[in-house]
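Once you've had a glance at the structure underneath, I'll fire off some questions.
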């Protein structure tokens with residue numbers, strides 16, 4: 001006798017204001033108890049056993065997977081899950097850049113996609129032990145996330161339901177306090193370029209970074225290319241000029257923003273440094289990104 005369909009829910013109870021528990025309660029009112037298998041992501045990243053347990057009984061032929069959390073939750077989950085498993089995503093994070101760029105539906109719309117939709121091919125970026133669903137950032141983007149994680153302001157703004165203001169507020173501080181940095185870029189053709197006095201550098205898979213700010217208008221998960229964006233800025237006035245171009249969507253008119261599309265790229269840093277990936281912080285002295293196919297219910 002064939003096994004009945006099971007909806008596997010992978011949820012992060014720490015995203016946003018713990019909204020995943022509300023989402024799970026709603027799903028429990030829609031699905032029969034035996035149709036649900038609920039897995040909770042650990043705060044301290046003890047995820048290996050969790051994913052092994054989830055995959056033990058998951059059958060791709062008829063089971064389905066729903067990820068509930070923020071952008072960081074999504075990238076952590078996809079880093080551990082086999083690329084061939086389709087997934088649906090319901091955002092409950094602070095920025096939700098991935099979902100906003102794709103205009104993903106509300107919960108009932110997400111359930112409808114699971115029941116009636118077909119997985120669509122998308123692209124994310126892989127760097128070996130991890131993946132990028134929105135962007136990998138040094139400089140401005142990294143500074144804003146790093147300072148937000150160290151501050152109570154993010155939690156307070158989330159409580160007021162205006163958490164999307166967190167990163168722009170810390171971006172203002174970056175105009176005056178963020179130190180310049182340098183990287184060596186190695187592209188797919190083997191050519192290398194050292195860039196110095198940088199204010200920001202982003203490797204983007206999505207048009208948004210930092211809670212709804214556009215990093216590059218045409219960046220999309222439907223393209224296998226990586227968008228490389230960087231800028232130098234010697235003083236706070238030049239930095240402000242860059243930020244204004246970002247906020248007012250004048251990216252392509254800015255003489256300070258450098259952009260190109262690549263299929264593979266490596267970053268080499270002068271020393272081990274903090275790098276921001278989808279709202280999470282990692283430490284690296286070098287990293288290589290390539291495009292990877294995934295399948296999302298859309």
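Output the number of the condition that residue 157 fails; it satisfies all remaining conditions of (1) modelled with pLDDT under 95; (2) crowded, with 22+ Cβ neighbours inside 10 Å; (3) in contact with a helix residue (DSSP H, G or I) (Cβ under 6 Å, 6 or more places away or on another chain).
With respect to (1) modelled with pLDDT under 95; (2) crowded, with 22+ Cβ neighbours inside 10 Å; (3) in contact with a helix residue (DSSP H, G or I) (Cβ under 6 Å, 6 or more places away or on another chain), residue 157 is out only on (2).
Considering the range 1-39 alone, what residues qualify as being crowded, with 19+ Cβ neighbours inside 10 Å and assigned to a strand (DSSP E or B)?
Hits for the range 1-39 are 7, 8, 9, 10, 11.
I'm checking my understanding of the structure. Among residues of the range 248-262 that are out of contact with any helix residue (DSSP H, G or I) (no Cβ under 8 Å at 6 or more places or on another chain) and not in a loop (DSSP other than H, G, I, E, B), which one is modelled with the lowest pLDDT?
Of everything passing the filter in the range 248-262, 252 is modelled with the lowest pLDDT.
Only one of (1) in contact (Cβ under 8 Å) with a residue 12 or more places away in the chain; (2) assigned to a helix (DSSP H, G or I); (3) over 16 Å from the mean Cα position of the chain (by Cα) fails for residue 66. Which number is that?
Against the list (1) in contact (Cβ under 8 Å) with a residue 12 or more places away in the chain; (2) assigned to a helix (DSSP H, G or I); (3) over 16 Å from the mean Cα position of the chain (by Cα), residue 66 comes up short only on (2).
Please determine whether any residue of the range 41-63 is in a strand (DSSP E or B) and either under 27 Å from residue 205 (Cα atoms) or at pLDDT below 90 (or both).
Among the residues of the range 41-63, not one is in a strand (DSSP E or B) and either under 27 Å from residue 205 (Cα atoms) or at pLDDT below 90 (or both), which makes the answer no.
Go over the candidates 125, 74 one by one and state the one that is under 27 Å from residue 217 (Cα atoms) and assigned to a helix (DSSP H, G or I).
Just a single option satisfies the conditions, and that option is 74.
Taking the range 122-138 only, how many residues are surrounded by 22 or more Cβ atoms within 10 Å (Cβ to Cβ) and touching a helix residue (DSSP H, G or I) at 6+ places or on another chain (Cβ under 8 Å)?
Summing the residues that are surrounded by 22 or more Cβ atoms within 10 Å (Cβ to Cβ) and touching a helix residue (DSSP H, G or I) at 6+ places or on another chain (Cβ under 8 Å) in the range 122-138 gives 7.
Determine whether the range 94-116 contains at least one residue that is under 13 Å from the mean Cα position of the chain (by Cα), free of Cβ contacts under 8 Å to residues at least 40 places away in the same chain, assigned to a helix (DSSP H, G or I) and closer than 24 Å to residue 144 by Cβ.
The answer is yes, given that some residue of the range 94-116 is under 13 Å from the mean Cα position of the chain (by Cα), free of Cβ contacts under 8 Å to residues at least 40 places away in the same chain, assigned to a helix (DSSP H, G or I) and closer than 24 Å to residue 144 by Cβ.
Assess whether residue 189 counts as being assigned to a loop (DSSP other than H, G, I, E, B), surrounded by fewer than 20 Cβ atoms within 10 Å (Cβ to Cβ) and modelled with pLDDT under 95.
Against the criterion (assigned to a loop (DSSP other than H, G, I, E, B), surrounded by fewer than 20 Cβ atoms within 10 Å (Cβ to Cβ) and modelled with pLDDT under 95), residue 189 qualifies.
Select, from 265, 282, the only residue that is buried (at least 18 other Cβ atoms within 10 Å of the Cβ), assigned to a strand (DSSP E or B) and in contact (Cβ under 8 Å) with a residue 24 or more places away in the chain.
Only one candidate qualifies: 265.
State all residues of the range 197-242 that are assigned to a loop (DSSP other than H, G, I, E, B), within 22 Å of the chain's Cα centre (by Cα), modelled with pLDDT under 90 and crowded, with 20+ Cβ neighbours inside 10 Å; if no residue qualifies, say none.
210, 211
The values are calculated or read from the model by the stated rules, or taken from the named source; none is laboratory data. Keep in mind that this is a model prediction, so the values were computed, not measured. All Cβ positions, even for glycine, are placed from backbone atoms using ideal geometry, and neighbour counts span all protein chains on display.
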